[in-house]
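The block underneath contains the structure these notes are about, expressed in structure tokens.
The values are calculated or read from the model by the stated rules, or taken from the named source; none is laboratory data. This is a predicted model, so every value here is computed, not measured. Neighbour counts run over all protein chains shown; Cβ positions are idealised from the backbone, glycine included. With ligands, DNA and RNA removed, areas are computed over all heavy atoms of the protein, side chains included. Shrake-Rupley method; radii C 1.70, N 1.55, O 1.52, S 1.80 Å.
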Amino acid sequence: MGDEAEPDTGPGAARPREPLRARPFALFWSATTIRAFGGAIAGVAFQIVVVTIVDATPMQIGLLGALGVVPYLFLGLIVGALMDRWRRQRALVITSVGRALALASIPVLQLTGTLTFWSLAAVVLVLGVLTLFADSAAQPLLPRIVPKHQLVMANARLGQSQTVAETAGPALGGALLHLVGTSLLFTFEAIINAVAAILQWRIPVQESRPEPRSSGRHVGHDIAEGLRYTYRHRTLRPLALSVHVWFLGNSVVTTVFAVFVLRELDLPGWAYGVALAVGGAGGFLGALIAPAVGAKWGAGRAILLGRALVVVPWLLLSVVPLTAASGTALVLTLAAVAQFVYCLAMGIEDTNDISYRQAVAPDRVQGRMNSTIRTINRVVFFFGALLTGVLMTFLGYRVTLGIGAAVFLVAAFVVLFSPLRDARHEDAML
């Protein structure tokens, strides 16, 4: 690690609370933040291209959405194992360069008249694979950049910038799209990823070399070791199981929310956007207070608070007797409150969840532990979204939201009745 990130765990050690003052994390955060803004901006351009330029059918739109998840289903565990043997910083740089090239190909396809659904699908698939590699490298790299006692604050800073990007990015993307058009917007996004690659390349970090595999071992053995470590660990096991259940609930509520408020409650599009923006404010606040909550209550209770709090908005939406006749103001208020509490809960728990597992797991298994949890989450979300379609069809929107709230409650119970409840960040640093 660079000098700025060398941990000092002695009893009299000074522990600065602001990781952005250290050059390694400042570079890491800057690259992550501009990529988050670029991704949110490009998301708007992708939607316009899919709907207006490629003129994709509903089936094709669904296929494009699935392509973003497919790499996790088939490559997630393998890539996680590789990240415990590859240089993670180099992987980040290569993926950023690859994203820049992939995004730059879209204007070229437009100019040459070869931008079709299938060529766009190929680009989306490539971006999905690159994102998988980037995510698998970033989380295990962070503990090499900042000392363990700063992980909570570092993840809070990343969460705050991510929330701002997700909230302001689409609006900025819409404005830029109107001013410069899709070709220049994708070119701009390619440049952003190139800049991110330069910032990542400049991060001063030392990565230890993995021990060579013994005779007869291969990547499958590495994957199995990562699975055993994650699901046999005293506190990581309930953490992983709880977040898997949480992702099932999240797949339900995020699938049904838009169609419920837009179709059943007749919320105008502009009001739906306002509700999402209010949710962004909740997420920012959650990430802002997460370090203090984790320090005062402990990692386990902070995660439990987030898991329990997220039940409230979806239960509220399922039982409050609103209809389209209730009026836009009332429907917007309820939708905005639901989004605010939902994102507030995520901001609190995500920061403490990710920081705790980064601190508790040794470096040699960081990539596999994180990829194991992330891959199972994606699988659960994928099939949960499919199940939600069936639930909405046969049970209706409100009952489906109620089921989502119940699943979230189960995720909270997993934490409540496990050793994770009493886990503290400082214990993981020992």
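Worth pointing out:
- Hits in the range 388-398 (condition: hydrophobic (A, V, I, L, M, F, W, C) and surrounded by fewer than 16 Cβ atoms within 10 Å (Cβ to Cβ)): Val390, Phe394, Leu395
- Selection within the range 248-267 - part of a helix (DSSP H, G or I) and open to solvent by 40 Å² or more (accessible area, probe 1.4 Å): Leu248, Thr254, Thr255, Leu262, Arg263, Glu264
- Residue check for Ala271: open to solvent by 10 Å² or more (accessible area, probe 1.4 Å) and farther than 22 Å from Leu248 by Cα: no
Residues are listed down the side, and each one gets a yes or a no for (1) touching a residue at least 60 places away in the same chain (Cβ under 8 Å); (2) among the aliphatic types (A, V, I, L, M); (3) more than 24 Å from Arg364 (Cα to Cα):
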residue: Ala196; (1), (2), (3): yes, yes, yes
residue: Pro204; (1), (2), (3): yes, no, no
residue: Ser208; (1), (2), (3): yes, no, no
residue: Glu225; (1), (2), (3): yes, no, no
residue: Arg228; (1), (2), (3): no, no, no
residue: Pro238; (1), (2), (3): yes, no, no
residue: Leu241; (1), (2), (3): yes, yes, no
residue: Val245; (1), (2), (3): yes, yes, yes
residue: Leu248; (1), (2), (3): yes, yes, yes
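- Qualifying residue in the range 2-18 (condition: open to solvent by less than 60 Å² (accessible area, probe 1.4 Å), in a helix (DSSP H, G or I) and either at pLDDT 75 or above or touching an Asp or Glu at 6+ places or on another chain (Cβ under 6 Å) (or both)): no
- The residue pairs whose first member lies in the range 254-273 and is more than 24 Å from Leu387 (Cα to Cα), whose second member is acidic (Asp, Glu) and surrounded by 15 or more Cβ atoms within 10 Å (Cβ to Cβ), and whose beta carbons are closer than 7 Å, counting only pairs six or more residues apart or on different chains, do not exist in this structure.
- Candidate set: the range 327-382, residues that are part of a helix (DSSP H, G or I) and free of Cβ contacts under 8 Å to residues at least 24 places away in the same chain; chosen: the one surrounded by the fewest Cβ atoms within 10 Å (Cβ to Cβ): Ala329
- Residues of the range 407-425 that are open to solvent by 30 Å² or more (accessible area, probe 1.4 Å), in contact (Cβ under 8 Å) with a residue 60 or more places away in the chain and either in contact with a Ser or Thr (Cβ under 8 Å, 6 or more places away or on another chain) or part of a helix (DSSP H, G or I) (or both): Leu409, Val410, Val414, Leu416, Pro419, Arg421, Asp422.
- Any hit, the range 225-233, residues being part of a helix (DSSP H, G or I), among the hydroxyl-bearing types (Ser, Thr, Tyr), open to solvent by 10 Å² or more (accessible area, probe 1.4 Å) and in contact with a Lys or Arg (Cβ under 8 Å, 6 or more places away or on another chain): yes
- Each residue in the range 83-122 was checked for being open to solvent by less than 40 Å² (accessible area, probe 1.4 Å), among the hydrophobic types (A, V, I, L, M, F, W, C), at pLDDT below 90 and within 23 Å of the chain's Cα centre (by Cα), and 2 pass.
- Among residues that are open to solvent by 70 Å² or more (accessible area, probe 1.4 Å) and of a type outside the set (Val, Ile, Thr), Arg307 is not included.
- When Arg157 is tested against (1) more than 30 Å from Trp270 (Cα to Cα); (2) charged (D, E, K, R); (3) surrounded by 17 or more Cβ atoms within 10 Å (Cβ to Cβ), exactly one condition is not met: (1).
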